[in-house]
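Right, one structure below, let's go through it.
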């Protein structure tokens, strides 16, 4: 029976890869899991991908149907993955297609035939091998790599909201605050792993036993990554002399806020080390877990949460001459991963906020009401963590999660610290937590 008679919807290739064994076998590639349905009420078997030619498809097939015929692979553990043939060829993991050291793509995606199809599939001991019918290449894929790269066929609903269980809320007890020792961070990667793990899970960490000098503090911060320069410089060493035109350089109190919301990419981590405080008092530091506050808002007022999740606001930094920094676009206060729906960033800085103009009067009124509710939660006593910074104990926190502030103070304080990009922090954290091989296996 000629396959050109086939009139059913675009077939799905199914590649059986189990049961699992070390045997070298040629896996059959079948339409609709083993059978090709044809007019006349009967079925024909096909055991070779070579039988799957573009001319066998219905003449009414669209370009996307021709180019992206899915290939289904049964994986160990009982899971099944489905990928377009073009995706599999484009993401071949052999050393001719992916650089073995940099993991960068070497294959020219746009030289791959649009109608790329498998000729044969082989289930080898540690990897799957696909021989392509119309470009002369043989691709390889480790089974665990395929498992890590399931296509997101059941993605979250557009308005779904999730909170990571890995992000843990710290009780209001200074004895339980996450802490590491300066010497362990400086002497081993295990110390850095412990430090970055605390920052990721709890949002902040204290470092005990640091020399009260800017030199030691700078080296400490560089144990995570390079220090991010801004219009304030790189590593800071400053007093409250308003040498830079920002409220941080005054003696005034500061409410809980996110730093650098005027950047498209706000600073990821921020470290403070108070080197000295003379002839005065006050200046207690404040941290607020904005992820916990957001979770509370979601429970108490889902509509307010939706408004702060969807409506963008902008910021600016304009205090210093020759500086007027603004983000590329407005961003919501509550930012979520577009695929998983997980909250990953809070941008909250009332002082640096620009006037809202990109909305109707009714929408703006709803934003103010939602922001008022969120502010009420953020300023609850049980949300606030107050403590006094001390020489010899730097404090670092996740600026995408923890709001920070301080009470007014008198006298002269000398502070030092700096920023680290969030992506650089996550790179260091994940490599130390999971190891390079496992991290690269997810790429």
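For 288, 439, which order do you get if you count the other beta carbons within 10 Å of each Cβ and list the fewest first?
Numbers: 288 25, 439 14.
The fewest-first ordering by Cβ neighbours comes to 439, 288.
Hey, fewest Cβ within 10 Å first, where do 169, 232 land in order? Before the final figure, lay out the partial values.
Details: 169 11, 232 19.
Going from least to most buried by this count: 169, 232.
Classify the range 333-443 as rounded, prolate or oblate, taking a ≥ b ≥ c as the square roots of the eigenvalues of its Cα gyration tensor: rounded when a/c is under 1.5, otherwise prolate if a/b is larger than b/c and oblate if not. Provide the component values of the computation, followed by the final result.
Details: a/c = 2.33, a/b = 1.12, b/c = 2.08.
Oblate, because a/c is 1.5 or more while a/b does not exceed b/c.
Going by how many other Cβ atoms sit within 10 Å of their own, how do 324, 416 line up, fewest first? Each step should come with its number before you reach the end.
On the way: 324 11, 416 22.
Listed from fewest to most nearby Cβ atoms, that is 324, 416.
What's the ranking of 376-383, 263-270, 210-217 by average number of surrounding C-beta atoms within 10 Å, highest first? Write down the numbers at each step before the final one.
Working: 376-383: 14.5, 263-270: 19.6, 210-217: 17.5.
Put in order of decreasing packing, that is 263-270, 210-217, 376-383.
Ranking request for peptides 392-401, 274-283: highest mean number of other beta-carbon atoms within 10 Å first, then the rest in descending order.
On the way: 392-401: 23.0, 274-283: 14.7.
Packing proxy ranking, top to bottom: 392-401, 274-283.
Can you give me the C-alpha center-to-center distance between the range 214-229 and the range 302-369, rounded to a whole angstrom?
About 30 Å separates the Cα centre of the range 214-229 from the one of the range 302-369.
Bear in mind these aren't lab numbers, they're just calculated from the coordinates by the rules spelled out. Source: prediction; values computed, not measured. Cβ: placed from backbone, ideal geometry, glycine included. Neighbour counts: every protein chain shown.
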